[in-house]
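The values are calculated or read from the model by the stated rules, or taken from the named source; none is laboratory data. Since the model is a prediction, treat every value here as computed from it, not as a measurement. Positions of Cβ are backbone-derived with ideal geometry, glycine not excepted, and every protein chain shown enters the neighbour counts. Please note that ligands, DNA and RNA were not included when accessible areas were found on the heavy atoms of the full protein model with its side chains. Shrake-Rupley method; radii C 1.70, N 1.55, O 1.52, S 1.80 Å.
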Amino acid sequence: MERISVLSTRNLSSKNNQAFLNAEITLLEHDFIKIETLSFQLKSKPDLLLFTSQNAVKSVLENAEVTNLKNIPVICVGSITRKLLENSGFKVLETKEYASELAPIIQEKYANSHIAFFAGNLRRHVLPTAMQEANITFDEYLVYQNTENSTKINNNIQAILFYSPSGVNSYLKQNTISNQICFCIGTTTAEALTEITQNIVISNQQTIEAVVLQCINYYRK
């Protein structure tokens with residue numbers, strides 16, 4: 001039986017690499033997206049912080065104002081983002097796995113808050129639109145930059161692991177998808193593939209580990 005080959009569109013931890021090795025699955029890796037943190041300066045002191053990604057948190061942790069920011073409560077998207085925030089000393093009030101789930105909570109519970117929204121250059125419009133619709137005061141800060149880092153994959157692969165819509169776009173710049181199974185970290189990433197393929201499997205949690213496990217379990221059947 002031919003050994004399964006899988007491509008991860010970002011480099012994985014040694015633990016995840018070992019998981020594929022234990023499952024006797026060949027793993028190829030390439031960071032199809034490069035992340036650059038950007039400096040920023042607060043326009044005014046907010047009373048609530050909003051994060052939608054770990055990359056935004058990592059950028060804020062490098063900022064000179066980080067000690068003061070840790071005194072301000074936080075709402076965020078994603079359990080992994082929450083974990084990073086709490087491990088870094090922030091107090092998190094609300095977490096949802098998707099921005100669309102967090103939007104009505106912001107409108108209902110935090111309409112009178114002055115929010116600082118930390119985002120990347122490819123952020124979606126869901127939360128800014130929700131805040132504008134509810135006339136919520138917010139300042140948006142561009143704190144990291146996504147840059148495509150596409151490369152041609154010449155190996156014969158049976159599956160591809162995707163973690164963001166930008167990763168999908170970067171991969172497709174130099175590659176095509178035919179009959180490969182695409183394992184996605186969430187519905188937003190999967191949506192970027194709906195016109196390309198129907199061979200999509202969405203992980204049951206929005207974590208890299210969940211995507212890896214979903215892929216391994218798929219080929220254990």
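At-a-glance table
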{"quantity": "Hits among lysines - C-alpha to C-alpha of Lys109 under 18 Å, sequence gap 8 or more where chains match", "calculated": "Lys91, Lys96"}
{"quantity": "Label-point separation in nm, Thr187 to His30, each point 7 Å along Cα→Cβ", "calculated": "3.1"}
{"quantity": "With 10 Å bins from 0: P(r) over the stretch 55-171, alpha-carbon pairs, percent", "calculated": "11, 39, 31, 13, 5, 0"}
{"quantity": "Alpha carbon centroid spacing (whole Å) that separates the stretch 134-186 from the stretch 4-31", "calculated": "17"}
{"quantity": "Value of Rg/Rh across the stretch 1-115 [Cα atoms, Kirkwood radius]", "calculated": "1.10"}
{"quantity": "Hydrodynamic radius by Kirkwood, which averages 1/r over all alpha carbon pairs of the stretch 27-93, in angstrom", "calculated": "12.9"}
{"quantity": "Helix runs (DSSP H) in the chain reaching 30 Å along axis by Cα, Kyte-Doolittle at least 1.6", "calculated": "none"}
{"quantity": "Within-13-Å neighbourhood charge of Leu85 [Cβ basis; K, R +1; D, E -1]", "calculated": "+3"}
{"quantity": "Equivalent ellipsoid semi-axes, the chain, via Cα gyration tensor eigenvalues times 5, rooted, Å", "calculated": "34, 17, 16"}
{"quantity": "Inter-label distance for His125 and Asn204, nm, one decimal - labels placed 7 Å from Cα along Cα-to-Cβ", "calculated": "3.5"}
{"quantity": "FRET E, pair Ala134, Ser44, Förster distance 30 Å, beta-carbon r, rounded to 0.05", "calculated": "0.95"}
{"quantity": "Pairs from Lys43/Lys83; Lys45/Lys70; Lys43/Lys70 whose Cα-Cα separation, in the structure shown, is over 23 Å", "calculated": "Lys43/Lys83"}
{"quantity": "Cα point-scatterer Debye curve for the stretch 80-131, base-10 log of I(q)/I(0) at q = 0.15, 0.19, 0.24 Å⁻¹", "calculated": "-0.46, -0.75, -1.15"}
{"quantity": "Prolate/oblate/rounded label for the stretch 128-221 (Cα gyration tensor, a/c 1.5)", "calculated": "prolate"}
{"quantity": "Amide N of the stretch 34-72 lying under 11 Å from the label point, which is placed 7 angstrom from the Cα of Lys173 along Cα→Cβ", "calculated": "34"}
{"quantity": "Selected from Asn199, Asn149, Asn135 as most flexible by GNM, with the chain as the system and alpha-carbon contacts under 10 Å", "calculated": "Asn135"}
{"quantity": "Per residue, in Å², the accessible surface of the chain once ligands and nucleic acids are set aside, probe 1.4 Å", "calculated": "52"}
{"quantity": "Alpha carbon convex hull of the stretch 144-189, projected area averaged over orientations, nm²", "calculated": "3.6"}
